[in-house]
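Here's the structure we're looking at; comments come further down.
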Amino acid sequence: MSKLVFLSHIHEEKDLALLLKVALEDEFGGFVDVFQSSDGVSIPAGANFLKRVENGLADCVAAIYLISPQSVKRNWINFELGAVWIRSVLSTRAGDGEIPALPICHSGSTPGSLPAPLNNLNGILATEASQLEAAFRSIQSAVGGKGRLKTDFDVLAHKALQFQESYTIGANLARLFHILHGTREDMKTLIQTCESIPSGPNVPIDIGWRENDEILQLEALESNELKGHIRVDVSKGGVNFAQNRASVGAKVKIEISRGLLIKHKAELLR
């Protein structure tokens, strides 16, 4: 009979969850089923969502939690962690051993930065092959398996890195254009222009007058999430009188990586 591994994640990170689910079921074929709420199988259409989650938490022999700066704030992650935590305490007291609860950090979260009580668990980085192997060995022990693992953890870590780049950079590019009030058609035209240029690393965009709060958001992206990918050029500020009101700001130009726009066009054109 196969053992159940509960994989806790937020909807936005379902692609990484599916990547790990497939890798685990390939590794432990026939011995492990992975409960992933967004896979369309663990909770079929029309099923009672909460009841299926409750059953998964009650029956699992191990649990994995995908932890990012976004997911760590969500109530469901903490609820699901608490359920397995208490089960593990009771299992240990009964002499049946611990139920592993493994935080897998990505997209800006690290084991050392986790808040309590997550920082009491042995968290790993999704993009580190050796740490992924250690997590799989913990699962192997929980399901009663042994022997050499067959998963190529370098490949798995690389795929996790690809997800992370798409999830963080793609999302922040979309946020950039949201600040600029760009439409999907504006984005489509910009990407088509980028693809028609035979060479050149950066694309200049004259975005005109922007108020100070928007400029601060753009400069924060330049300094942090999109560092090295965009350059924000702010001209001398002043007061702009338009639409019967005055606003404090400046004229702004942005240089953005042409290759980055093309690479993340799928996320930007959703």
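Work the Kirkwood hydrodynamic radius out for segment 130-197: mean of 1/r over every pair of different alpha-carbon atoms, inverted, in Å.
Details: mean 1/r = 0.0644 Å⁻¹.
Result for segment 130-197 stands at 15.5 Å.
Could you list log10 I(q)/I(0) for segment 82-125 at q = 0.26 Å⁻¹, which the Debye formula gives when each Cα is one point scatterer?
Log10 I(q)/I(0), no solvent term: -0.87.
Please check: in the Gaussian network model of the chain (C-alpha springs, under 10 Å), which one of SER138, SER91, SER109 has the largest mean-square fluctuation.
SER91
Can you tell me the length gained on complete extension of the stretch VAL248 to ALA116, counting 0.36 nm per residue apart and subtracting the Cα distance?
Numbers: separation 132, 0.36 × 132 = 47.52 nm, distance 4.22 nm.
Taking VAL248 through ALA116 to full extension adds about 43.3 nm, to one decimal.
In sequence order, what are the phi-derived ³J(HN,Hα) couplings for segment 253-270 according to the Karplus relation 6.51 cos²θ - 1.76 cosθ + 1.60 with θ = phi - 60°, rounded to whole Hz, with x for glycine and proline?
The phi angles translate into 10, 10, 10, 10, 4, 4, x, 5, 4, 5, 4, 10, 5, 4, 5, 6, 9, 5 Hz.
What are the equivalent ellipsoid semi-axes of the chain, built from the alpha-carbon gyration tensor (square roots of five times its eigenvalues), in whole angstrom, biggest first? Could the numbers behind the result be given before it?
Details: eigenvalues 389, 81, 57 Å².
Equivalent ellipsoid of the chain: 44, 20, 17 Å, largest first.
Say R0 is 22 Å: what FRET efficiency, to the nearest 0.05, do LEU161 and ASN224 get from their beta-carbon distance?
On the way: r = 19 Å, r/R0 = 0.87.
Efficiency at R0 = 22 Å is approximately 0.70.
If the only charges are +1 at each Lys and Arg Cβ and -1 at each Asp and Glu Cβ, what is the size of the charge dipole of segment 3-165 around the Cα centre, to the nearest 20 debye?
On the way: 14 positive and 18 negative charges, 79 e Å.
Here segment 3-165 has a charge dipole of around 380 debye.
List the aspartates and glutamates whose Cα sits under 20 Å from the Cα of LYS150, skipping any in the same chain fewer than 8 residues away.
GLU25, ASP26, GLU27, ASP33, GLU128, GLU133
Please report the net charge: other residues with Cβ closer than 14 Å to the Cβ of SER130, K and R +1, D and E -1.
Result for the local shell: -3.
Which entries of LYS159/LYS188; LYS159/LYS265; LYS14/LYS263 have Cα-Cα distances beyond 25 Å here? It would help to have the intermediate numbers written out before the result.
Values: LYS159/LYS188 27 Å; LYS159/LYS265 19 Å; LYS14/LYS263 20 Å.
Over 25 Å Cα-Cα: LYS159/LYS188.
Can you spot the lysines whose alpha carbon is less than 19 Å from LYS146's alpha carbon? Ignore those fewer than 8 places along the same chain.
The qualifying lysines are LYS3.
Using amide H atoms built in the peptide plane, which far-off residues or other-chain residues are under 5 Å from CYS105 H to H?
Those qualifying (amide H under 5 Å, at least 5 residues apart or on another chain) are ILE67, ILE124, LEU125, ALA126.
Determine Rg/Rh for segment 121-270; Rg is computed over alpha-carbon atoms and Rh is the Kirkwood hydrodynamic estimate from the same atoms. Write down the numbers at each step before the final one.
Working: Rg = 21.5 Å, Rh = 18.4 Å.
Reported Rg/Rh, Kirkwood definition of Rh: 1.17.
How much net charge surrounds VAL61 when only other residues with a Cβ under 12 Å from its Cβ are counted (Lys, Arg +1; Asp, Glu -1)?
Working: positive: LYS3, ARG87; negative: ASP33, ASP59, ASP96, GLU98.
Counting the neighbours of VAL61, the net charge comes to -2.
Read the figures in this text as sums done on the coordinates, not as results from a lab. In this text the structure is predicted, and so the values were computed from the model without any measurement. We place every Cβ from the backbone using ideal geometry, glycine too, and count neighbours over all the protein chains shown.
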